[in-house]
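The values are calculated or read from the model by the stated rules, or taken from the named source; none is laboratory data. Predicted, not measured: the structure shown is a model, and the values here were computed from it. Every residue, glycine as well, gets a Cβ built from its backbone with ideal geometry; the counts of neighbours run over all protein chains shown.
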Amino acid sequence: KKPVPRDIDIAHAHEPINIQHIAEEIGIYPSELIPYGAKKGKVSLSILDRLQERKDAKYIIVVGITPTPLGEGKTTTSVGLGQALAAHKGVNALVTLRQPSLGPMFGVKGGAAGGGYAQVIPMEEFNIHLTGDLHAITVANNLVAAQLDARIYHEATQKDDALYNRLVPEIKGTRKFSDIQLRRLKKLGITKTNPNELTAEEKTRFARLDIDPKSVTLKRVLDISDRYLRKITIGQSPTEKNLTRETGFQITVASEIMAILALATDLKNFRERIASMVVAFNKKGEPVTVDDLGVTGAVMIILKETMYPTLMQTLEGSPVLVHAGPFANIAHGCSSILADKVGLKLAGEQGYVITEGGFGSDIGMEKLLNIKTRVSGHVPNCIVLVCSVRALKMHGGGPPVTPGQPLASAYTQENLELLQKGLPNLIKHISNGKKFGLPVVVCVNTFETDTEAELKLVQSKAKENGAFDAVVGNHWAEGGAGAVKLADAVIAACEQKSNFKFLYELDKTLEEKIKIIATEMYGAGSITYTPEAAAKLKTYQERGFGKLPICMAKTSASLTGDPAVKGAPTGFELKINDVTLSAGAGFVVPIIGEISVMPGLPTRPNFFDMDVNIETGVIEGLF
Ligand code: ADP
Ligand code: MG
């Protein structure tokens, strides 16, 4: 067998097809493509109007078992399946993927364009900058944060009259409210529209958001893993008159705006979600929104182009839409609804759209179905559950798997006993998928050292335990040709009648919904809350956020809240440490254990291998 070259060498050996040809082949009109050079382009959402009568394609979600820290190949399988369907089965097939963050790319995990012969190209453009959406989200978020602190400052340093007169200045002898100010008046129940007619009390109520600085939930963001920004103090210049405040940065992909981009269904919905983001509470405990800060319009201007998904291609020339990349812990971890919408229309009734749910089924799939599908209405036809022999061996009690270190011999030599012991993890994830009433196709993503007997064991146990089918995928080493069996199984599964149901209904209380997820998806026996978490949950329930779905923030390394616990334990206690509200994205986030929203750089970051070749100008060392 020929060894498989490094991801970047495979990618560089393929000359991408001009993106306008890719667009033409799947029926995007030239007027609907906004090219960013020759290899990628944004797709205008006007295409949705043109194709609105067309029936949707079949919708396939690729999810995983509880992974090792190396990742078990969900993205690689999504891309490989897209290649198999499009280039080998001759059907319309389009993959929708998240745009990766630069933090993990430079830090530990590496790129996110798939791997081996199942990749999105150009992989360096996919991984770095792409079409600038992450930059725009960073700026938009930080503009809101800047306005929030500026407003606290202005309110603290000006008397009522002066504040009102500055907010509604007299220009050429008249005072006028702007549209966004009229919205605030309406919210306050003030019906007057002439600024001079407000009573003193109304003027004060209008002018003072009265933000409680301790209640601010919005953080500034940056798309870099910078641990020293996790906790900082701002406002230390004398110009801010001692109005210092403790806060911190999150990585951009953890921002609520990123989650909103991924969940928005059109421009109007996007705007409504941005406007209703709760960024702080006032001193009476009432929510303060982006619209209250007057910054909705500016944010929309910055973000307008981010609404368009970016068209790219696989190594075999099939289409990929890259759009949004919310974190899978604090947010829901799926690419955008808009990209899926465009894809489902483009691929059409006979076609297929493949998308990924981050992490294991307990997290990525649960949120994809209970949050994303609930908003989009896109009900999947089948679930592809990716597993690897190495991860199952880890669940069977194998030694820890550490990035950057060679795998222990338990993983590189046949060990059916260890594998057998790890199978309950796979079986739990199969049952998780089936709880939603969907057929589950297990794909064993083969690694070079897997043996025939190991692959057979996983396949037969998967089928015995409720999988619709279980196939071996060799797309990493062979590209689409290695995923034809998977494609056949998926096509057959999509012919099944769907009995889809949500895991919970929205009218249950927040606590009831959390309990259903914890017991049904994780196997927990009981749930406990810290007093802060219980108090916040009560507040959100009382303030009208009780009907929102739940976005659990839990470690991806275990079905439990403890990353060290492997396998598929049951009856354990799940402890909720904190709860946060993402009112614009539209979910409540219970936090289990320590969830990092700002990663740090490791001692040996990936970028030690990276450079631009000064002779050829080509990027080297990404993987
Ligand atoms: P996930 O999406 O589940 O996190 P990825 O598809 O990104 O996982 O794969 C993680 C890493 O593992 C990538 O660097 C990829 O190239 C590599 N990889 C995936 N499948 C295989 C395989 N079968 N053999 C070797 N390496 C693989
Ligand atoms: Mg992935």
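Some notes on this structure:
- Identity of the residue in the stretch 63-106, more than 24 Å from E316 (Cα to Cα) and away from ligand 2 (no atom under 15 Å from the Cβ), that ends up surrounded by the fewest Cβ atoms within 10 Å (Cβ to Cβ): L102
- Output for the stretch 436-465, where each listed residue is within 15 Å of ligand 1 (Cβ to nearest atom) and either part of a helix (DSSP H, G or I) or not hydrophobic (A, V, I, L, M, F, W, C) (or both): N445, T446, E448, T449, D450, T451, E454, L455, V458
- Test: residue in the stretch 423-435 that is within 28 Å of E316 (Cβ to Cβ) and either part of a loop (DSSP other than H, G, I, E, B) or away from ligand 2 (no atom under 16 Å from the Cβ) (or both): yes
- Residues of the stretch 162-177 that turn out to be free of Cβ contacts under 8 Å to residues at least 24 places away in the same chain and either closer than 22 Å to T296 by Cβ or not in a loop (DSSP other than H, G, I, E, B) (or both), as a count: 10
- Filtering the stretch 563-604 to residues that are out of contact with any Asp or Glu (no Cβ under 8 Å at 6 or more places or on another chain), modelled with pLDDT of 95 or more and acidic (D, E) leaves only E573.
- Residues of the stretch 62-82 satisfying the condition of being in a helix (DSSP H, G or I) and not hydrophobic (A, V, I, L, M, F, W, C): K74, T75, T76, T77, S78, G80, G82
- Hey, S361 of a type outside the set (D, E, K, R), more than 16 Å from ligand 2 (Cβ to nearest atom), within 23 Å of W476 (Cβ to Cβ) and touching a residue at least 12 places away in the same chain (Cβ under 8 Å) or not: no
- Qualifying positions in the stretch 31-47 - part of a helix (DSSP H, G or I) and either crowded, with 17+ Cβ neighbours inside 10 Å or modelled with pLDDT under 95 (or both): E32, I47
- Residue match in the stretch 400-409 (condition: within 16 Å of ligand 2 (Cβ to nearest atom) and either among the hydrophobic types (A, V, I, L, M, F, W, C) or not in a helix (DSSP H, G or I) (or both)): yes
- Residue selected from the stretch 217-249 under the condition without any contact (Cβ under 8 Å) to a residue 40 or more places away in the chain and either of a type in the set (G, A, S) or not in a loop (DSSP other than H, G, I, E, B) (or both), by the criterion surrounded by the most Cβ atoms within 10 Å (Cβ to Cβ): T247
- Any hit, the stretch 11-28, residues being closer than 19 Å to G111 by Cα and within 13 Å of ligand 1 (Cβ to nearest atom): yes
- Residue in the stretch 51-58 that is in contact (Cβ under 8 Å) with a residue 12 or more places away in the chain, under 27 Å from G357 (Cβ atoms), within 16 Å of ligand 1 (Cβ to nearest atom) and in contact with a His (Cβ under 8 Å, 6 or more places away or on another chain) present: no
- Restricting the stretch 185-216 to residues that are part of a helix (DSSP H, G or I) and aliphatic (A, V, I, L, M), the residue that is surrounded by the most Cβ atoms within 10 Å (Cβ to Cβ): A207
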